[in-house]
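Colleague: This is the structure I want to talk about, given as structure tokens.
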Amino acid sequence: MILAIDQGTTGTTVLLVDESGRVVDRSYRELTQHYPRPGWVEHDAEEIWTGVVDATGELLERSGASPTVVGITNQRETFVVWDRANLHPVARAIVWQCRRSADICTEMKDAGREALFRERTGLLLDPYFSGTKLRWLLDSDAKLRRRAEAGELAFGTVDTWLVTRLTAGREHVTEPGNASRTLLFDIKRLAWDSELCGALDVPMGLLPEVRDSSGDFGRTDPGAFLGLDLPIGGVAGDQQAALFGQACFEPGMCKNTYGTGSFVLLNTGPKPRLSRAGMLATVGWQLAGTATYAMEGAIFITGAALQWLRDGLGIIHSAAEAGPIASTVTDTDGVYLVPAFVGLGAPHWDPGARGLISGLTRGTTGDHLVRAAVESMAFQTADVLEAMASEGVRPQELRVDGGASVMDALLQFQADLLGIPVLRSATAETTALGASFLAGLATGTWASLDEVAATWTEERRFTPAMAAEDREVRMAGWRGAVRRALTTVDRS
């Protein structure tokens, strides 16, 4: 039995996964979101840790299980800085959604530095990634910078923070997939890069050791973690874990996770593929010293648009209502919702874009608006797949997971827009499954990727049914709405 810790943006889920890849039981703790200023998003790092402990304790007490290994998957670009001596965070965790370093990104772009980062990291200079926000944190407090330079502080994405706490400070480690999201890691050499760290004024002494994604991350400390002494055998950022959990082990295989945001990842094999169309190149995972790379389209807001309908407008009472409501109307009656609440990610990368609803008439109802929010997930995904296709990368099918993947209306519309089959996994929690697979490979639960792939099962397949001309009309309307939401083009 594998204990999988899935630490996400809105909460922490701890799961028990058996050797057949079946989720046996789970426990959950919600995570408080802090918004100290417009565009800023923070988490309490101690709350992240206590949520893991509390959810694990509840799960093990209820199930009576005795897990043999721990796997971790995490919200990726969110990071923590803590005191090495006492493991106390020196500030709140700065979340991937936070835009506070936008000015730093602009300054570095204007100085002509983006090409260097693009070539070394596969990423863009955008506040989404950890490095510019780490610089902001150190620049904001001269005492913190002095302590960082003196080696008193440690930096880590959430995986690193959890391993540090699980091992009572004995391990300060990460793996290449998470490291590749920081703007500090050379994805070709698979190592921290002194020139990148210098450009961002980040002391390299802050950074963790990088290890294989499946292997030895230390053992949990019984005094710190519920009396448990377990190996930590697998670590991956949530989207890389989902790609692994979907058994997308061959180049050209592709998945999309519909969560708070959506993330389309396509396996590109043993070499990174740098994009000219707004895609990211990233490390998927590293096994036995060999990396597998992915092309990624990062979409900032998908499921969060449903939360906005619930909390901001009061149109729905729960996100679970969105699918049934969207199915009550055949289309949006010409309404488009562009959920650019924190700017737009791939393929546009416009941090100044803002949300927009177009096509409203007196005949527009709340049901139309709900369906427009649901369809916006599919439209944004189609934008990403279209950008990948422009670079000669065309997947034959799309494997999907995440909370919103339960909506049949969404997945049918997605298949219609893409013109390829959309396959829903029998296990929606593929991020936790990916972490479990990595941990199980390290301890012999599975002997090979072929054995792991044999556990993957399809729950339902959605095949395209929309005429090509209808698809183009819908996409043209969407593109027009997006143009009006962007800050970087003529909105006429």
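The values are calculated or read from the model by the stated rules, or taken from the named source; none is laboratory data. Note that this is a predicted model, so its numbers are computed, not measured. All Cβ positions, glycine included, derive from the backbone under ideal geometry; neighbour counts span all protein chains shown. Side chains included, ligands, DNA and RNA excluded: accessible areas come from the protein's heavy atoms. Shrake-Rupley method; radii C 1.70, N 1.55, O 1.52, S 1.80 Å.
Colleague: Note down all Cβ pairs under 9 Å where the first residue falls in segment 89-109 and is in contact (Cβ under 8 Å) with a residue 40 or more places away in the chain and closer than 20 Å to ALA199 by Cβ, the second is of a type in the set (S, T, N, Q) and part of a loop (DSSP other than H, G, I, E, B), and they're at least six residues apart or on different chains.
Modeller: That search, which allows pairs on different chains as well, returns ILE94/THR78; ILE94/SER101.
Colleague: Output yes when any residue across segment 291-311 is on the phi > 0 side of the Ramachandran plot and surrounded by fewer than 17 Cβ atoms within 10 Å (Cβ to Cβ), and no when none is.
Modeller: Looking through segment 291-311, none of the residues is on the phi > 0 side of the Ramachandran plot and surrounded by fewer than 17 Cβ atoms within 10 Å (Cβ to Cβ).
Colleague: Regarding TRP478, is this residue touching a residue at least 60 places away in the same chain (Cβ under 8 Å), surrounded by 12 or more Cβ atoms within 10 Å (Cβ to Cβ) and in a loop (DSSP other than H, G, I, E, B)?
Modeller: When the stated conditions are applied, TRP478 does not pass them.
Colleague: Among the numbered criteria (1) within 30 Å of GLY284 (Cβ to Cβ); (2) among the hydrophobic types (A, V, I, L, M, F, W, C); (3) crowded, with 16+ Cβ neighbours inside 10 Å, which single criterion is violated by LEU116?
Modeller: Failing condition for LEU116: (3).
Colleague: Going by what's in this entry, would GLN380 be described as open to solvent by less than 60 Å² (accessible area, probe 1.4 Å) and closer than 29 Å to ALA476 by Cβ?
Modeller: Criteria met by GLN380.
Colleague: For a quick check of your reading of the model, give me the residue pairs whose first member lies in segment 314-327 and is in contact (Cβ under 8 Å) with a residue 12 or more places away in the chain, whose second is crowded, with 17+ Cβ neighbours inside 10 Å and outside any helix (DSSP H, G or I), with beta-carbon atoms closer than 8 Å and at least 6 apart or on different chains.
Modeller: ALA322/ILE316; ALA322/MET407; GLY323/MET407; ILE325/ILE316; ALA326/MET407
Colleague: With respect to the numbered conditions (1) part of a helix (DSSP H, G or I); (2) among the basic types (Lys, Arg); (3) under 19 Å from GLN246 (Cα atoms), which one is the sole condition not fulfilled by ARG371?
Modeller: (3)
Colleague: Scan segment 424-447 for residues that are within 26 Å of GLN396 (Cβ to Cβ) and in contact with a helix residue (DSSP H, G or I) (Cβ under 9 Å, 6 or more places away or on another chain) and report the count.
Modeller: Result for segment 424-447: 12.
Colleague: Mind listing whichever residues of segment 1-47 are open to solvent by 60 Å² or more (accessible area, probe 1.4 Å), free of Cβ contacts under 8 Å to residues at least 40 places away in the same chain and in a loop (DSSP other than H, G, I, E, B)?
Modeller: If the condition is that a residue be open to solvent by 60 Å² or more (accessible area, probe 1.4 Å), free of Cβ contacts under 8 Å to residues at least 40 places away in the same chain and in a loop (DSSP other than H, G, I, E, B), then THR32, TYR35, PRO36, PRO38 are the ones that fit.
Colleague: Also, I was wondering about something else. Identify the single condition in (1) at pLDDT below 95; (2) crowded, with 24+ Cβ neighbours inside 10 Å that VAL338 does not satisfy, given that it satisfies every other one.
Modeller: (1)
Colleague: Now for a different question. Looking only at helices (runs of 4 or more DSSP H) that fall completely inside segment 129-202, which ones have 1 or more residues that are charged (D, E, K, R) and either open to solvent by less than 10 Å² (accessible area, probe 1.4 Å) or in contact with a Ser or Thr (Cβ under 9 Å, 6 or more places away or on another chain) (or both)?
Modeller: Because the criterion is at least 1 residues that are charged (D, E, K, R) and either open to solvent by less than 10 Å² (accessible area, probe 1.4 Å) or in contact with a Ser or Thr (Cβ under 9 Å, 6 or more places away or on another chain) (or both), the helices (runs of 4 or more DSSP H) in segment 129-202 that meet it are 130-139, 158-166.
Colleague: Quick check: is even one residue across segment 391-401 assigned to a helix (DSSP H, G or I) and either open to solvent by 10 Å² or more (accessible area, probe 1.4 Å) or within 25 Å of TRP308 (Cβ to Cβ) (or both)?
Modeller: No, segment 391-401 contains no residue that is assigned to a helix (DSSP H, G or I) and either open to solvent by 10 Å² or more (accessible area, probe 1.4 Å) or within 25 Å of TRP308 (Cβ to Cβ) (or both).
Colleague: Still on this structure, please answer the following. With the checklist (1) buried (at least 17 other Cβ atoms within 10 Å of the Cβ); (2) within 24 Å of the chain's Cα centre (by Cα); (3) of a type in the set (A, V, I, L, M, F, W, C) in hand, flag the one item ALA91 doesn't pass.
Modeller: Going through the list (1) buried (at least 17 other Cβ atoms within 10 Å of the Cβ); (2) within 24 Å of the chain's Cα centre (by Cα); (3) of a type in the set (A, V, I, L, M, F, W, C), ALA91 breaks only (1).
Colleague: Could I ask something else about it? Identify, by number, the condition in (1) assigned to a helix (DSSP H, G or I); (2) surrounded by fewer than 16 Cβ atoms within 10 Å (Cβ to Cβ) that ARG362 doesn't meet.
Modeller: ARG362 satisfies every listed condition except (1).
Colleague: Separate question: Just to confirm my filter: which strands (runs of 3 or more DSSP E) fall fully inside segment 205-301 and include at least 2 residues that are among the hydroxyl-bearing types (Ser, Thr, Tyr)?
Modeller: Filter on segment 205-301 gives 254-258, 262-269, 290-299.
Colleague: I need the full set of residues from segment 48-87 which are assigned to a loop (DSSP other than H, G, I, E, B) and farther than 29 Å from LEU243 by Cβ, in order please.
Modeller: Keep residues of segment 48-87 that are assigned to a loop (DSSP other than H, G, I, E, B), which gives 64-68, 75-78, 84-87.
Hits for segment 48-87 are GLY64, SER66, ARG84, ALA85, ASN86, LEU87.
Colleague: Give the residue that is surrounded by the most Cβ atoms within 10 Å (Cβ to Cβ), with candidates limited to residues of segment 406-438 that are assigned to a loop (DSSP other than H, G, I, E, B) and touching a Leu at 6+ places or on another chain (Cβ under 7 Å).
Modeller: GLU429
Colleague: Across segment 64-86, what is the total count of residues that are surrounded by fewer than 18 Cβ atoms within 10 Å (Cβ to Cβ) and either more than 16 Å from ALA432 (Cβ to Cβ) or in contact with a Ser or Thr (Cβ under 9 Å, 6 or more places away or on another chain) (or both)?
Modeller: Matching residues across segment 64-86 total 7.
Colleague: Let me ask another. Please go through (1) touching a residue at least 40 places away in the same chain (Cβ under 8 Å); (2) outside any loop (DSSP other than H, G, I, E, B) for THR445 and return the number of the only condition it doesn't satisfy.
Modeller: Here THR445 meets the rest and fails (2).
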